[in-house]
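A quick write-up on the structure given underneath.
The values are calculated or read from the model by the stated rules, or taken from the named source; none is laboratory data. All values reported here derive from a predicted model rather than from experimental measurement. As a convention, Cβ positions derive from the backbone with ideal geometry for all residues, glycine included, and neighbour counts pool all protein chains shown. Ligands, DNA and RNA are excluded from the accessible area calculation, which covers all protein heavy atoms including side chains. Shrake-Rupley method; radii C 1.70, N 1.55, O 1.52, S 1.80 Å.
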Amino acid sequence: MSWVDKLNAYVARSAVGRWFRLEGSGAPVERTGSKFSIELRAGLTIFIAMSYIISTNALILTDSGGTCDCDREEFGATCENDPAYTTCLQRMKLDMITATCAISCMACILMGVLANLPIALAPGMGLNAYFAYTVVGFHGTGKISYENALAAVCIEGIIFFVLSVLGIRQWFARLIPASLKTATGTGIGIYLAFIGLQSSAGIGLITANSSTLVELGGCPPEFRDENNVCTAHHMEGGPMWLGVLGLMLVGTMLLYRLKGAILIGILFIAIISWPRPTPVTYFPYTQAGDEAFAFFKKVVTFHPIKDTLARFHWDLTTGDFWIALITFLYVDILDCTGTMFSMAKFGGYMDERTQDFEGSSMAFLVDSVSITIGSVFGSSPVTAFIESGAGIAEGGRTGITTIVTGIMFFIALFFAPIFASFPPWATGPALIVVGSMMMQGVTQINWHYVGDALPAFITIILIPFGYSIGYGLIAGIGSFVFINTLVFIILKLSRGRIAPPNFDERDDWIGFVTQGGLKQNIPSWMFWLARRNRKPAKALDSDADNASINDDADVELKQVTVDSRSEHVSHT
């Protein structure tokens, strides 16, 4: 037995092992295949895969202008000609680097300790762009101020917390048809791969095109215009080919089941990219490259937050404020819900009977608390990260994985120059590989019945093409409801005579909702309210009445299940 095996066995038998349900811990429900050493490696993999958020989130939120302002009549609407404003933006960027690391650290550790899930949290991409460029506007040219937008994010987190405590958020998630949940995971896989193929967070193989939207690019950065379109030298970029090499190496190592394959691939490509006098350097001899290299050489630095801490403006009277709040709500709830359920299914935590996963209630509570804390630090909404799939692919199965990720974000508070300097073509291959792994669930979709297949397909394609998990899920749910409601109405009006030819092959959504028992899919407080609102005349012997009602409900539910099974057998 090696020292690693001894360490795994020791931790598994400890109180830590029992809390996190490591394999061999003796916990009532152990996480199969979970070992302490694997959890450490998986947590480090997730951190490296999502470390780009440290600098990217800071850059995007800095574009909002934050708390900086100037005389716009003198210096223009965007204040770009004001030296004092530029200095303030530099301070804002450093504030946001610190805030991103601090928020991600707290959110990941809370998720790991309380929910025991390997799902990392950080300020979400997409939501931060909506916050910066639509709500606040570039350099504060939007309809509401940065401080007012933070108030909207804070209120969003409070609303999510209330919904999670009442169980409504979990109840809503369980109501999503199984085919759409599976489709969401598949769509996220394609989304991940699409991100990994682009230049902003990937290898740069796919670039923009004014006619076809995207094309095979791969040109060196100096041959891209302001719209990221390759103007010449397609497929000649050194960083792109280095990213392709990383993808092939990771794939080969995974083929031989080499432990830590994804992490090794990321580190290998990053180390090659750090020296300056090479054609694949991450620090070219340009103004941006010089600034990035100067930051990289600091190695150790810490910048306390100076301008963005708890800067709220509670003006709730404008319509634009409520539009922003509602948009944050519905996009974030679907985005985070879709990501969490997809990661749970990918990691094997999903209970097919209840269509829920262990720790979901606490996970949603942690998410909502993290959103509110993030707003205090001056950040856009926090959400679950699809890069968590990289850690799950490495074998992460418990909250130890996310705690390690959180600890790495804490270390990044002091070593941000290093962790913010992983080139996108080093992390892109990991996203592509994880995307391929998440495609496995596509075979579980019911492709035989159009009422299930078409909404699932719409969900799959709109997540990457619409660049939003939330919008893809909205489209899938909307099409599912429209098609199947229309079929239901026609069926009722014709008294069962007009039905699709293969109607018996559909997914039984009613049965799906009630598979775990009616009480497991409806928040318990609803039953409490129902009992409280009973008429006084029936209050006598209430315990007997409750038992009778529950027994009757169970009998009816069992009868419905038996009838549906019998019907299915007869059709078969």
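Couple of notes before you dig in:
- Hz values of 3J(HN,Hα) by residue in the stretch 29-39 - Karplus curve (6.51, -1.76, 1.60), Gly and Pro given as x: 10, 7, 8, 4, x, 7, 9, 4, 5, 5, 4
- Annotation: amide H of VAL214 within the under-5 Å range of ASN209, sequence separation 5 or more or interchain, hydrogens built in the peptide plane.
- Among beta bridges identified by DSSP and lying wholly in the chain, the antiparallel ones come to about 90 percent.
- Selected from VAL300, CYS68, PHE194, residue furthest toward positive end of dipole (the chain; charges at beta carbon): VAL300
- Rounded, prolate or oblate (a/c below 1.5 giving rounded, otherwise prolate when a/b exceeds b/c) for the stretch 1-151 by Cα gyration tensor: prolate
- Stretchable slack from ASN228 to LEU486, in nm (0.36 nm times residue separation minus alpha-carbon distance): 88.5 nm
- Stretched out straight at 0.36 nm per residue, the stretch from ASN502 to ILE411 would grow longer than its current Cα-Cα span by 27.0 nm.
- Each peptide among 490-498, 53-61, 20-28, 88-96 gets the average number of other Cβ atoms lying within 10 Å of its residues, and from highest to lowest they stand as 53-61, 88-96, 20-28, 490-498.
- Phi-derived couplings, Karplus 6.51 cos²θ - 1.76 cosθ + 1.60 at θ = phi - 60°, listed residue by residue for the stretch 299-309: 6, 10, 7, 9, 10, x, 5, 10, 10, 10, 7 Hz, with x used for Gly and Pro.
- Positive-pole candidate from ILE168, GLY185, HIS233, dipole of the stretch 128-262, charges at beta carbon: ILE168
- Residues with amide H under 5 Å from that of GLY378, placed H, sequence gap 5 or more: ALA310
- LEU7, LEU127, ranked by accessible area, largest first (probe 1.4 Å): LEU7, LEU127
- Checking Cβ-Cβ separations below 4.7 Å across the chain identifies CYS101, CYS105, CYS108, CYS154, CYS336 as cysteines lacking any candidate disulfide partner.
- Per residue, the accessible area of the stretch 59-160 comes to 34 Å² when a 1.4 Å probe rolls over the protein heavy atoms.
- Fraction of accessible area attributable to carbon and sulfur, the chain (%, probe 1.4 Å): 65
- Enclosed volume per residue, in Å³, of the convex hull spanned by Cα atoms of the chain: 207
- Cβ-derived FRET efficiency at R0 56 Å, ARG72 paired with VAL162, nearest 0.05: 0.90
- Accessible area per residue, Å², the stretch 176-307 with all protein chains present, probe 1.4 Å: 50
- q = 0.19 Å⁻¹: log10 I(q)/I(0) that the Debye formula gives for the stretch 291-376, counting C-alpha atoms only: -0.95
- Convex hull volume per residue, computed on the Cα atoms of the stretch 152-237, equals 150 Å³.
- Per-pair calculated FRET efficiency, R0 = 22 Å: GLU291 and TYR467 via Cβ, rounded to 0.05: 0.20
- Relative to the Cα centre, the charge distribution of the stretch 293-433, modelled as +1 at Lys and Arg Cβ and -1 at Asp and Glu Cβ, gives a dipole magnitude of about 600 debye.
- Charge dipole of the chain (Cα centre as origin; +1 on each Lys and Arg Cβ, -1 on each Asp and Glu Cβ, all else neutral): 1400 debye, rounded to the nearest 20.
- A protection proxy built from the mean count of other Cβ atoms within 10 Å ranks the segments 425-432, 272-279, most packed first, as 425-432, 272-279.
- In order along the stretch 164-179, phi translates into HN-Hα couplings of 6, 4, 6, x, 5, 5, 5, 4, 4, 5, 5, 6, 5, x, 4, 5 Hz, rounded to whole numbers, per the Karplus curve 6.51 cos²θ - 1.76 cosθ + 1.60 with θ = phi - 60° and x for Gly and Pro.
- Annotation: amide H-H contacts under 5 Å for PHE357 (H modelled 1.01 Å from N, sequence separation of 5 or more, or interchain): ASP351.
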